[in-house]
Amino acid sequence: MNNDPKKVVTRFAPSPTGFLHIGGYRTAIFAYLYAKHNGGEFILRIEDTDRERNKKEYEDNILESLKWIGLEYDKFYRQSENVNRHKFFLEKMIKEGTAYISKEAAKDGSGIIKEIVRFKNPNIDVTFVDEIKGDITMNTTDLGDFVIAKNLNEPLFHLAVVVDDFEEGVTHIIRGEDHVSNTPRQILIQRAIGAPTPMYAHLPLVLGGDKLKLSKRRGALPITTYRDLGFLPEAILNGVAFVGWNPGTDKEIFTHDELVGAFNLSKVQKSPAIFSEEKLEWFNKEHMKMLGGEELEKRIFGYLPENMRNRKIIPIIFERISKFGDIRKMIEAGELDFFFKQPKYAKEKLIFKTTPPEKIKSNLEQAIKALENIDENDFITENIKNALMLIADSLESRGELLHPVRFALSGLDKSPDPFIIADILGKNETLSRLQKAI
Ligand code: GLU
């Protein structure tokens, strides 16, 4: 129970019937940030009353995901553990005449008569405040006397949600837009059991980049997949908070604490929110930068085999990744191999456009001479560049030198520029590769 009338209490109430995707976690993040911004309490309630579809695996995944992105809950409930209270209110409603037992033939055509419990609908207009959509009024007549329990022992979703929110002292229900149509039913039940109506905030849909709805069944990935791809949890928190919300300024990169400080519902957009993987990668890259050199190096090394842990290749790797898992792909694709072993390539690859092979050969010889003159201790990108550019600029086209040098060093059609590679390889290895090319 919430005894402090001013205290904000929000909840995230997932049903563990599938892997939750970005849309689900967006709801969790907004409910969490709203509570924390207001010095309130954030509840996690696992709505596990659908025994046939619930899976422990899904519940574990929700807990793991929330922990990973740093959403700590103040209280934890499991809906199934409150079933006695659901029954208590069900009986109370029947006694008071706001609900009744209805004997009806089972839908399966078996002829079995079931005692289901229906809500006695007063057929009225229900108005509620929605912090995002404004006031919403709906007439309940069309809902008829809707079912609230399969029988006296099995209360259904709407009743369970209302009783739980009441008893847990929830003041603000922040949830997906798909629940708007449930709200009038739930408000009628609140009134019947004497529960106050909380504030509502129904969040706009989350659509994919293709403007189609993300759903548990289609397209959307569980949050733990992003973890496994090597995203940073702080970037996921930041990126997902921006799905349908912005602080009203240009600032986009936020830490956890900054999000708590800045979040409010008035800046949640009304139109559907777009989730884009590329934008999430951008958030991730920004958060990677924020780790700072030393930490970044440590993390990147964590993805590299021991023989590749060379400090000098860190900037090259960093430039080409947006999440740490990309390093695995670079290694698998052999993109880093040339740093550690002589590349193999077809000799024709050394030729630049229509430049005759003899010319390429003499250019490479000049390059070797120039590089030999650099002292081993001074063999760094800048000096290498100066030496080679002096030759390149004297040629008809710079490519006549820079292309064969780059290829001789990397053996790849695409690679960082030759000066950086030479610096990383060191003087001896660089000269040996150029020699081999000749
Ligand atoms: N358990 C419901 C769901 O997973 C949410 C109920 C609610 O937020 O009121 O969609």
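Orientation-averaged projection of the chain equals 28.9 nm² [convex hull of Cα atoms, one quarter of hull surface area].
Sparse packing (at most 16 other Cβ atoms within 10 Å of the Cβ) combined with a DSSP loop state is found for the following chymotrypsin sites (Phe, Trp or Tyr not before Pro) in the stretch 324-399: F340, Y345. As a ratio to 2.2 N^0.38 Å, the alpha-carbon radius of gyration computed for the stretch 387-438 takes the value 1.07. Packing, taken as the mean count of other beta carbons within 10 Å per residue, orders the peptides 94-107, 75-88 from highest to lowest as 75-88, 94-107. Taking 16 Å as the straight-line reach from the Cα of K344, the aspartates and glutamates in range (excluding those fewer than 8 positions away in the same chain) are E335, D413, E429. Restricting the calculation to Cα atoms, the stretch 192-318 shows an Rg/Rh of 1.09 when the hydrodynamic-style radius is the Kirkwood one.
Shape descriptor for the stretch 1-40: Rg over Rh equals 1.08 (Cα atoms; Rh from the Kirkwood inverse mean 1/r).
Extension gain, Y345 to D378: 0.36 nm times the residue separation minus the Cα-Cα distance gives 9.0 nm. Highest-first packing order for the peptide set 391-399, 364-372 is 364-372, 391-399, based on the mean count of other beta carbon atoms within 10 Å. Ligands, DNA and RNA excluded, the heavy atoms of L205 present near 60 Å² of accessible surface to a 1.4 Å solvent probe.
The residue list Y32, F254, F119 was ranked by how far each Cα lies along the charge dipole of the chain toward its positive end, using unit charges on Cβ atoms, and F119 comes out on top.
Which order do you get for M288, M199 if you rank them by accessible area with a 1.4 Å probe, largest at the top? Provide the component values of the computation, followed by the final result.
Details: M288 0, M199 65 Å².
Largest accessible area first, the list is M199, M288.
Is the shape of the stretch 335-438 rounded, prolate or oblate, going by the alpha carbon gyration tensor and its root eigenvalues a ≥ b ≥ c, with a/c under 1.5 for rounded and a/b larger than b/c for prolate? Walk me through the intermediate numbers first.
Values: a/c = 1.63, a/b = 1.10, b/c = 1.48.
Cα axes put the stretch 335-438 in the oblate bin.
Counting only Cβ charges, +1 for Lys and Arg and -1 for Asp and Glu, the dipole size of the chain around its Cα centre is about 840 debye. Taking a ≥ b ≥ c as the square roots of the Cα gyration tensor eigenvalues, with a/c under 1.5 meaning rounded and otherwise prolate when a/b beats b/c, else oblate, which class fits the stretch 1-109? Since a/c reaches 1.5 but b/c is at least a/b, the shape of the stretch 1-109 is classed as oblate.
Here the Karplus relation 6.51 cos²θ - 1.76 cosθ + 1.60, evaluated at θ = phi - 60°, turns the backbone of the stretch 381-393 into coupling constants of 2, 4, 5, 5, 4, 4, 5, 6, 5, 4, 6, 4, 5 Hz, with x for every Gly and Pro. Per-peptide packing, taken as the mean over residues of other Cβ atoms within 10 Å, places 147-156, 248-257, 9-18, 271-280 in the sequence 9-18, 147-156, 271-280, 248-257 from highest down. Residue order by solvent-accessible surface for L291, L221 is L221, L291, largest first, with ligands and nucleic acids left out and a 1.4 Å probe.
When the helices of the chain are scored as -39500 (n - 2.57) per DSSP H run of n ≥ 4 and the total is divided over every residue, the value at 222 nm lands at -13000 deg cm²/dmol. For E168, the amide hydrogen comes within under 5 Å of no other amide hydrogen, counting only partners 5 or more places away or on other chains and with H modelled in the peptide plane.
By accessible area, using a 1.4 Å probe on protein heavy atoms only, the stretch 374-438 has 45% of its surface on carbon and sulfur. Partner aspartates and glutamates whose Cα lies under 13 Å from the Cα of K298, excluding those fewer than 8 positions away in the same chain, are identified as E306.
Surface listing: W282, W245 arranged by accessible area from highest to lowest gives W282, W245, probe 1.4 Å.
For the pair E396 and A370, label points projected 7 Å from Cα toward Cβ lie 1.9 nm apart.
If R₀ is 51 angstrom, what is the calculated FRET efficiency for the pair L212 and E295, using the beta carbon separation as r and rounding to 0.05? With a Förster radius of 51 Å, E is 0.85.
Here the Karplus relation 6.51 cos²θ - 1.76 cosθ + 1.60, evaluated at θ = phi - 60°, turns the backbone of the stretch 204-209 into coupling constants of x, 4, 9, 10, x, x Hz, with x for every Gly and Pro.
For the stretch 295-358, divide the Cα radius of gyration by the Kirkwood radius and give the resulting Rg/Rh value with two decimals. If you can, show how the numbers build up before the last one.
Working: Rg = 15.3 Å, Rh = 13.6 Å.
Rg divided by Rh gives 1.12.
Relative contact order for the stretch 46-122: 22 percent, from Cα pairs under 8 Å spaced at least 6 residues apart, divided by residue count. Angle of helix 357-372 to the longest C-alpha principal axis of the chain, folded into 0 to 90 degrees and rounded to 10: 90°.
The values are calculated or read from the model by the stated rules, or taken from the named source; none is laboratory data. Here the structure is a predicted model, which is why all the values come from computation and not from measurement. So basically every Cβ, Gly included, is an ideal-geometry build from the backbone, and we count neighbours across all protein chains shown. The accessibility values were calculated without ligands, DNA or RNA, using every heavy atom of the protein model including side chains. Shrake-Rupley method; radii C 1.70, N 1.55, O 1.52, S 1.80 Å.
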